[in-house]
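Below is one structure, written out as structure tokens; the observations come after it.
Each value in this text was obtained by applying a stated rule to the coordinates, not by laboratory testing. Note that this is a predicted model, so its numbers are computed, not measured. Every residue, glycine among them, receives a Cβ derived from its backbone with ideal geometry; neighbour counts consider all protein chains shown.
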Amino acid sequence: MEGDARPLILIDIDRVLAMHRGADCKVGAPIYRTGQDIPEAVLALEALGIETAVLTHRTRHEALCILRAVGLQKCSPRLISANDLFWQSLKEMLARRRMRGLSKAVAGRILSDRFAAYDPRHSVMIDDKLSNLERMTAAGVVGFGILTPAIHCDEGGRVRSFDLRQILTMAVALTQGKPPPVSCESVAERVFRFPSGPVICADSDLHTGETLSGSRFDMVTLLRTLKSALAGADPHP
């Protein structure tokens, strides 16, 4: 690996670390983990000399609430939330008269400022939305993207999820220039879909006992509410 560059793995929150019955976390609803042993899986990367950060479209207040619920409070200092993306987008608009909205593709400058050894070529984003990964790889924010499989919950309270440890192992390999497992489908340039996992457990085992509280007033919440009102949609889907 070139110079002082260190691998960096970026992790989304919704349907990667946490969920609500297979969907995004909802304000006022219980928070569920996507699997067991999530804190151990993420924090174990530090022992390998690999940096991690949480990158989400959630407001900072919501993201901190979810990270606390799933046992990842230690990741709070390395959180990049919608608040950070908003201010970075605003800076770009003032400098270039162009605003990309709350896109994760603007995170490159934030990462450069926060991680001295950040090198996009040795960085990977784990996300549940292909569009986010396509924009980030195209913008050169990360070298690779991993698309997580859908999570299924049946009426009997059983959850079919994935093993986050396996996804993180794949991410580590990509930061080191190794090819992805043959079982992973290439869905876009430098973006790979992780196969659906056989991990099946009861949703009661994934319930954190916490409920997602709404954001305190901030600019991101205001913009989200205005946009949803104009579209006639729920501001907290």
Task: For Phe192, distant residues with modelled amide H under 5 Å away - done: Gly145, Ile146, Leu147, Val187
Open item on the list: On a straight-distance basis, which lysines could pair with Lys104 in a cross-link, Cα separation under 24 angstrom, same-chain partners fewer than 8 positions away excluded?
Closed with: Lys26, Lys74, Lys91, Lys129, Lys227
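Go ahead and estimate [θ] at 222 nm for the chain from helices alone: -39,500 (n - 2.57) per DSSP H run with n ≥ 4, summed, over the residue count, rounded to 500. Don't jump to the answer; show the numbers that get you there.
Details: 8 runs with 77 residues, N = 237.
One gets -9500 deg cm²/dmol as the mean residue ellipticity at 222 nm.
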Open item on the list: If you take every DSSP beta bridge fully contained in the chain, what fraction is antiparallel? Give it as a percent rounded to 5.
Closed with: 45 percent
Task: Mean Cα-pair separation over length for region 30-165, i.e. relative contact order, pairs under 8 Å, 6 or more apart, % - done: 20 percent
Open item on the list: Within a 10 angstrom radius of the beta carbon, how do Val187, Val199 rank from fewest other beta carbons to most?
Closed with: Val187, Val199
Task: Options (1) 25, 25, 16; (2) 30, 19, 17; (3) 46, 27, 15 - which one matches semi-axes √(5λ) of the Cα gyration tensor in Å as calculated here - done: (1)
TODO: Starting from the amide H of Arg15, placed 1.01 Å from N in the peptide plane, find each other amide H under 5 Å away whose residue is 5 or more places distant or on another chain.
DONE: Cys25
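How high is the relative contact order of the chain? Use alpha-carbon pairs under 8 Å, at least six apart in sequence, and give a whole percent.
26 percent
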